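Novice: After the structure tokens below, expect a handful of questions from me.
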Amino acid sequence: MAHDLSDAGFGTRAVHAGHALDPQTGAHAVPIYATSTFGYFNAERGARLFGLEESGYFYSRLSNPTVHAFEQKVAALEGAGAAVAFGSGMGAASAICLSFLKAGDEVAFVGPLYGGTEGLLREVMSGFGVTTVEAADLDELRRVVNEKTRLVWLETPTNPTLRIVDLQAAAGIAHAAGALVVVDNTFSTPYLTRPLELGADLVMHSATKYLSGHGDVVAGVVACSEEHSAPLRLHGLRHGGAVLGPFEAYLLIRGMKTLPLRMDAHCKGAHALALAVQDHPAVQAIYYPGLPGHAGHDVAARQMNGKFGGLVSLDLGSREAAFAFLNALTLFTQAVSLGDVESLSSHPASTTHQLLGEETLARQGITPGLVRLSVGVEDAEDLIADVRQALDAARA
Ligand SMILES: Cc1ncc(COP(=O)(O)O)c(C=O)c1O
């Protein structure tokens, strides 16, 4: 008999939610349903399935049992009524735009957002008559939202400057203007922050990152109410087509079972690293919400389950110092992405955020000397030694 998970803790839900023993075979792991299509058994049922009068599987662009199990697990962890999986985080972001925006609408965001999201809003959606407005902080957000604002798009901690946005306060501002609140929860994960409990309407992830955790999948997901999931499924999947495959869903399910264990290790390692290198002479500024001097420390302490995430950003003063540092690292692979068990390092201004242009980068504090470290689950002493020797190299 399946265990009732309604009162279960986060770790229990991470392991068990979304799937039970396969009723036909007793398979313990979720089977990978590698099928594009599903027989209707009779024409009448086919008509009912297509008319959405009966729920069931009929084509894997719309839904697939393995993908559904992943969606159920995400919904259980985010405390959502539903979740819809997509082929990438950007697929999830595009689906939100396709489903909830129309010409004449405005989107407000508290910058910076992930470069791809900002590009989608500013460059793609502007061509469809949607205006995007950036706010530097919540005071400015209060000034820019108006009756045309349909979405308020938030990210916390922000990529790559690790600013903290007070979600409850931002949701209050957005809802007062009648806007929906989108939170990109990629950096925090539901283990640290559950935005729906703080007033968000739609929670999106690049599931490529911590949800998968092993750097072997590109995926996205949106958690929300049943009501909001309907347009996401219709426009994001049926019409938009940014579908997740069953093999990727299987890997995500497997990865998410250890989400709390991995997040504890990421947070512990990142905190130890930040404390160990904050006073190194090559470090001109350090961004880690766990440090008491960080501007968002108090909000983060309240909003992130007493932990502060696995990312640390350092400003080394110049592009030359940043490049020398990155080239000297040995345990941190130079690569985009984050949230893998392996440590990763990047130079946002010349990679993920390059397309934003110099003016936006300067405004958002994405300086030429900024490097972003995604702290893996290796032993913290080894990571600290590696970063220290690379900082020494950057000074030389
Ligand atoms: C915060 C955030 N949101 C969205 C994305 C886009 O996700 P994906 O690369 O899975 O399309 C990324 C990718 O780095 C990200 O860091």
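The values are calculated or read from the model by the stated rules, or taken from the named source; none is laboratory data. Please read these numbers as outputs of a predicted model, since none were measured by experiment. Glycine also receives a Cβ, built like all others from the backbone with ideal geometry; neighbour counts cover every protein chain displayed. Side chains included, ligands, DNA and RNA excluded: accessible areas come from the protein's heavy atoms. Shrake-Rupley method; radii C 1.70, N 1.55, O 1.52, S 1.80 Å.
Novice: Could you list, in sequence order, all residues of the stretch 385-395 that are surrounded by fewer than 19 Cβ atoms within 10 Å (Cβ to Cβ) and in contact (Cβ under 8 Å) with a residue 12 or more places away in the chain?
Specialist: Arg388, Gln389, Asp392, Ala393, Arg395
Novice: Let me ask you something else. Only one of (1) open to solvent by less than 60 Å² (accessible area, probe 1.4 Å); (2) away from the ligand (no atom under 16 Å from the Cβ) fails for Asp298. Which number is that?
Specialist: That leaves (1) as the condition not met.
Novice: For the stretch 252-275, give me each residue that is among the small types (Gly, Ala, Ser) and touching a Leu at 6+ places or on another chain (Cβ under 9 Å).
Specialist: Scanning the stretch 252-275 gives Gly255, Gly269, Ala270, Ala272, Ala274.
Novice: What pairs can you find where one residue is in the stretch 214-239 and in contact (Cβ under 8 Å) with a residue 60 or more places away in the chain, the other is within 16 Å of the ligand (Cβ to nearest atom) and open to solvent by 70 Å² or more (accessible area, probe 1.4 Å), and their Cβ atoms are less than 8 Å apart, with a gap of 6+ or different chains?
Specialist: Gly215/Glu342; His235/Leu98; Gly236/Leu98; His239/Leu98
Novice: Looking at Gly91, Gly127, Gly79, which one is of a type in the set (Gly, Ala, Ser), crowded, with 23+ Cβ neighbours inside 10 Å, modelled with pLDDT of 95 or more and not assigned by TED's automatic domain parsing to the domain that holds His347? Even if it seems obvious, please write down each step before you answer.
Specialist: Values: Gly127 fails: crowded, with 23+ Cβ neighbours inside 10 Å; Gly79 fails: crowded, with 23+ Cβ neighbours inside 10 Å.
Exactly one residue qualifies, and that residue is Gly91.
Novice: Do you know which residues across the stretch 284-315 are closer than 22 Å to Glu381 by Cβ, of a type outside the set (Phe, Trp, Tyr) and assigned to a loop (DSSP other than H, G, I, E, B)?
Specialist: Once the filter is applied, which keeps residues that are closer than 22 Å to Glu381 by Cβ, of a type outside the set (Phe, Trp, Tyr) and assigned to a loop (DSSP other than H, G, I, E, B), the stretch 284-315 yields Gly290, Leu291, Lys307, Gly309, Gly310.
Novice: Here's another thing I want to ask about it. Condition test on Asn146, is it touching an Asp or Glu at 6+ places or on another chain (Cβ under 8 Å) and crowded, with 21+ Cβ neighbours inside 10 Å?
Specialist: So Asn146 does not fit the description; no.
Novice: Right, next: Among the numbered conditions (1) modelled with pLDDT of 95 or more; (2) surrounded by 15 or more Cβ atoms within 10 Å (Cβ to Cβ), tell me where Leu62 comes up short.
Specialist: So the condition that Leu62 fails would be (1).
Novice: Quick one: which of Ser345, Ser374 is without any contact (Cβ under 8 Å) to a residue 40 or more places away in the chain and under 20 Å from the mean Cα position of the chain (by Cα)? Quick ask: steps written out before the conclusion?
Specialist: Numbers: Ser374 fails: without any contact (Cβ under 8 Å) to a residue 40 or more places away in the chain.
Ser345 is the lone residue from the list that is without any contact (Cβ under 8 Å) to a residue 40 or more places away in the chain and under 20 Å from the mean Cα position of the chain (by Cα).
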